[in-house]
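Quick notes on the structure that follows.
The values are calculated or read from the model by the stated rules, or taken from the named source; none is laboratory data. What you see is a predicted model, and the numbers here were worked out from it, not measured in a lab. Because the Cβ atoms are built from the backbone with ideal geometry, glycine has one as well, and the counts that use them run over all protein chains shown.
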Amino acid sequence: MTNSFHVLLVDDERDIRDVLQVALSDSGYTVSLAENGQQALALFRESSPPIVITDIKMPVMDGIELLQRIKRENPETEVIMITGHGDMDLAIKSLKYKAGDFITKPINVDALDITLQRTRERIVMRRKLQEYTTHLEALVREKSQLQDHLSSLGLMIGSISHGIKGLLTGLDGGIYLLGKGLKTGDEVQMEEGWQTVRLMAERIRKMVMDILFYAKKRDLQWEKVDLRHFVEEIGRIMENRLKDTGIMYVREFGGPWVDCTIDPGSVHIALINLFDNAIDACQRQTDRSDHRITFGVKSDATHITFTISDTGTGMDAETQDKLFTLFFSSKGRKGTGLGLYITQKIISQHGGTITVASTPGRGSRFTLVLPRSAADLEKAGA
C-alpha cells in the first residue's frame, strides 16, 4: 500500500517511536518524530501534517494539551491518542477535545493500520466535501448571476419598449414625408422627411449599440494612444453632429499632449454618450437659441481630465442622484436608461471617476478623470 499522508508521531519512549516509525514507513507514510508535546507543536507548525499520533502522558507538554493546541490552530487535523490500559478516562477526555480516535498500549500494528485507514477515509471525505461545497457555491453564484442578468435584460426590454415604438413611429412619419415630397416634388417636404429619417436611424443605432454593450460582457482592450489624435478625432465627430442643429461647438484643449493607455473604443463610447445627452438637453431647452456644448481636455503627470458642458435643461439634485442608475432615464420614454450607466461602468473599469454639476435651466457639466496608464491604475489600487 502507498500513501501520500504525512504523520507526526509523538512519544517519549524511543523504542515505541522506532518501532512505529518502521511500521508506518513500510505502509507508505511519511513520518516525522517528536519526543514531547512542545517539540511536536514546533514540527506541526512547520509542516502541518494531516495526521498526528501522540501519547497522552509525556513530560514538558502532555498529549491532551498538544491536542488542544493543534485543534485551535487547525481543527481539520486528525489526532490519534495513544493510551495505556489504565488511562481510559484520559482517552475519553481526549475525545471531548475532538481527538479522532485512540489506540491502547501495547500497540498492535494491525489495529493501528485499521485506525489509520478510518482516519484517512475521514480526511478524504472531508476534502471531497470541501471540493463539492466549493463547486456548489460556484454554481450557485453562477446561477444567481445568470438570474440577475436575465432579470436585468427583462427590465431593459420593458424599459425600452416604449422608446422603440416612439422611434418607429417617428421613422414612419419621416418616410411618409419623404415619399409625399417625392411624389409632389416638394423639396422642403423631402428635406424634412429625410432629416427625420436620419435622426430616427441615428437614435435606433445608438439604442442598439447600448443594448449590445450592456448585454455582452467584455474585457477592456488596452492600447497606447496618442491623446491629441484621439481627442481631435472625437472632436470632429462632435462638430459634425452639431451641424444644422443651431448649437455651437466649443473646444477647450489644454496640454501637455501625452500618450495614454486606455481602451479607446470604450472611452469613445463614454464620451459620445455624454455628448449625445448634451445635444438632447440643449434641444429640450427651448427658452434660448444660443446653445453651446463645450468639450474640454487637459492632462498632468498621472491623469487625463475630460469635460463636456452644455447650456441645456440642467437637472435637479434628485435626478443627479439617480443619473447613473441602470434603466433610469431623465428623458422619459425617449431614453433607454443604459447610456449613462454604461458610461459610468466604462470609467470605473478604467479606475477613473465621473462627476456631474448641474443647475436646472442653466445646463450641466460632466467631468471624467482617468489614470494616464495601467501603471497609474495599479498605483491607485483599482
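Annotations for the structure displayed:
- Glu318 meets all of the listed conditions (1) assigned to a loop (DSSP other than H, G, I, E, B); (2) more than 21 Å from Thr245 (Cβ to Cβ); (3) modelled with pLDDT of 80 or more but one, namely (1).
Each row is one residue, and each column tells you yes or no for (1) closer than 19 Å to Asp15 by Cβ; (2) modelled with pLDDT of 90 or more; (3) among the hydrophobic types (A, V, I, L, M, F, W, C); (4) not in a helix (DSSP H, G or I).
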position	(1), (2), (3), (4)
Arg69	no, yes, no, no
Glu76	no, yes, no, yes
Gly86	no, no, no, no
Phe102	no, no, yes, yes
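- In the set (1) in contact (Cβ under 8 Å) with a residue 40 or more places away in the chain; (2) touching a helix residue (DSSP H, G or I) at 6+ places or on another chain (Cβ under 7 Å); (3) aliphatic (A, V, I, L, M), Ile82 fails one condition alone, (2).
- Restricted to the range 310-327, and to residues there that are of a type outside the set (A, V, I, L, M) and within 31 Å of the chain's Cα centre (by Cα), the residue that is nearest to Pro371 (Cα to Cα) is Phe324.
- Only one of Thr286, Thr302 that is surrounded by fewer than 16 Cβ atoms within 10 Å (Cβ to Cβ), touching a helix residue (DSSP H, G or I) at 6+ places or on another chain (Cβ under 9 Å) and hydroxyl-bearing (Ser, Thr, Tyr): Thr302
- The residues on offer are Ala40, Ala23, and the sole one that is crowded, with 21+ Cβ neighbours inside 10 Å and either in contact with an Asp or Glu (Cβ under 9 Å, 6 or more places away or on another chain) or outside any loop (DSSP other than H, G, I, E, B) (or both) is Ala40.
- Test: residue in the range 26-36 that is within 10 Å of Val10 (Cβ to Cβ), among the hydrophobic types (A, V, I, L, M, F, W, C) and surrounded by fewer than 19 Cβ atoms within 10 Å (Cβ to Cβ): yes
- Members of the range 82-127 found to be among the charged types (D, E, K, R) and over 25 Å from Arg72 (Cβ atoms), listed by number: Lys105, Asp110, Asp113
- Checking each residue in the range 250-263 for being closer than 25 Å to Gln221 by Cα, in contact with a helix residue (DSSP H, G or I) (Cβ under 6 Å, 6 or more places away or on another chain) and of a type outside the set (S, T, N, Q) picks out Trp257, Val258, Cys260.
- Test: residue in the range 258-274 that is aliphatic (A, V, I, L, M), in contact (Cβ under 8 Å) with a residue 60 or more places away in the chain and not in a helix (DSSP H, G or I): yes
- Qualifying residue in the range 330-338 (condition: out of contact with any helix residue (DSSP H, G or I) (no Cβ under 7 Å at 6 or more places or on another chain), modelled with pLDDT of 80 or more and in the same structural domain as Gly265 (by TED's automatic domain parsing)): no
- Being modelled with pLDDT under 90 and more than 30 Å from the chain's Cα centre (by Cα) is true of Gly254.
- The listed residue being surrounded by 15 or more Cβ atoms within 10 Å (Cβ to Cβ) and outside the structural domain of Glu13 (by TED's automatic domain parsing), out of Arg120, Arg69: Arg120
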